[in-house]
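Here the structure is laid out as structure tokens; the discussion comes afterwards.
The values are calculated or read from the model by the stated rules, or taken from the named source; none is laboratory data. Model, not experiment: these values are computed from the prediction. Quick reminder, even Gly has a Cβ in these numbers, built from the backbone with ideal geometry, and neighbours come from all protein chains shown. What goes into the accessible areas is simple: the full protein's heavy atoms, side chains included, and nothing from ligands, DNA or RNA. Shrake-Rupley method; radii C 1.70, N 1.55, O 1.52, S 1.80 Å.
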Amino acid sequence: MLRRVGLIALTSVTLVAAASGAPPNPALASQELVPGENRLIQLYRDYRPTVVKVKFATQTTDENGKEKVALTVQSGFYIDAKGTVLTNAVPTQKGPRLRVEKDGLQMLAVPIASDARSNIALLQVAKPPAGIQYVDLANALPPPAIGSLAYAITSPLDLAPTPKLGIVTGRESSFSQIDFPCSYLRIGISSGPAEGGSPVFASDGSLMGMSVASLPDVNSSYIVPNASLKHIVDQLLAKGKVFHPSLDAKIIERIDPITLERSLVVSEIETGSAAKKSGLERGDQILSFESKPISSINEWRDALFSSQAEQFVSITVQRGETESEIALLLTDG
């Protein structure tokens, strides 16, 4: 049975490995590359220099009240020439010392901003090295189709940047009892210790997203798609936080057992809430969001995610045989 998905475990582990003394196989060395293999090799060469390790130590207390220091290691990658690093969430309070490591060089870094809900943070290297190669977030492409190739470059443990290949296996906005801020892509690439925060690319070289959560039981992981990732980064840079627009009501997805058509229905609504005062009622079927037809919970959460908190949005609902338009005030959830 699958365990509840959680944020990727970002831990440091010491490994002892034995070097192989076997001579290279001349037959393998002379083999021609299969179609597409050159492309994967080129992707690694292009993006390997962008991937870094992020390390920070935090002071904790054990069950006996004794203080101890825990070291966290995770992956990350440069997103500009100034030394800005995109990674998983990090502590922002004073105390933890953040370091970015690249090719054995350790550099002090400071947090720009961090969002625990999406598990995304931005760091700034204190003294950026010259000639930084980075991943450009500007081209925020639509999510790829299920079955598309996914190519991650991770920074596991104390190893060099490591390529991992898989495919896009799903797209969900929740797992078990955990709701995501928006639809995440599920990819058939496992995410082990220190691999959270890795960039994931499409076969054409465009950024597909960043790893934020692990599904170890099925050797998979979740990534925030590039368009949503850029939306989060823009907010972290401009406002120092991420706004998560929400509604004071619970929306569920229903599937007709005969037609298999999906629909969204208001299942719960808080008494005295802004949504209730606006006229929304339990049992209302949501037909559209800002004039765009909507029928799945993924579409609903993506629509909320791309909206602005503390602003009104217009939704169309069906109540019995009547359709009506309602203006709802979104809160910052």
### Query
Which of the aspartates and glutamates could a cross-linker span from Lys230 if the Cα-Cα distance has to be under 15 Å and same-chain partners fewer than 8 positions apart are dropped?
Asp80, Asp115, Asp136, Asp302
## Note on the structure
Rounded to a whole number, the Stokes-Einstein D of region 93-154 in µm²/s (Kirkwood radius over Cα pairs; 20 °C; 1.002 mPa s) is 144 µm²/s
### Query
Can you give the accessible area of Asp332, probe radius 1.4 Å, in Å² rounded to 10?
60 Å²
### Within the accessible area of region 54-136 (1.4 Å probe), percent carbon and sulfur
49 percent
### Query
Given the rule -39500 (n - 2.57) for each run of at least 4 DSSP H residues, summed and divided by the residues of the chain, what is its mean residue ellipticity at 222 nm, to the nearest 500 deg cm²/dmol?
-3500 deg cm²/dmol
### Task
Determine which lysines satisfy two conditions relative to Lys68: a Cα distance under 24 Å, and not lying fewer than 8 residues away in the same chain.
Lys53, Lys55, Lys94
#### Entry: Overall dimensions of region 181-302 by Cα: Rg and Dmax, Å
17.9, 51
### Task
Set the Förster distance to 56 Å, then compute FRET efficiency between Ser278 and Val34 from the Cβ-Cβ distance, nearest 0.05.
0.45
### Three principal axis lengths of the chain [C-alpha, angstrom, descending]
76, 53, 42
### Query
Going down the list Lys127/Lys164; Lys164/Lys292; Lys82/Lys241, which pairs span over 32 Å between their C-alpha atoms?
Lys164/Lys292
### Task
Report, in whole Å, the centroid distance computed from the Cα atoms of region 30-70 and region 193-271.
22 Å
### Query
Do any trypsin sites (Lys or Arg not before Pro) in region 233-328 lie in a loop, going by DSSP, with at most 15 other beta-carbon atoms within 10 Å of their beta carbon, and if so which?
Lys241, Arg282
### Task
Give the carbon-plus-sulfur fraction of the accessible surface of region 259-333 in %, rounded to a whole number; probe 1.4 Å, heavy atoms of protein chains only.
44 percent
### Query
Which whole-number value in Å² is the accessible area per residue of the chain, probe 1.4 Å?
53 Å²
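Sort largest first and round to whole Å: the equivalent ellipsoid semi-axes of region 113-270, each the square root of five times a Cα gyration tensor eigenvalue.
That gives 30, 21, 14 Å for the three semi-axes.
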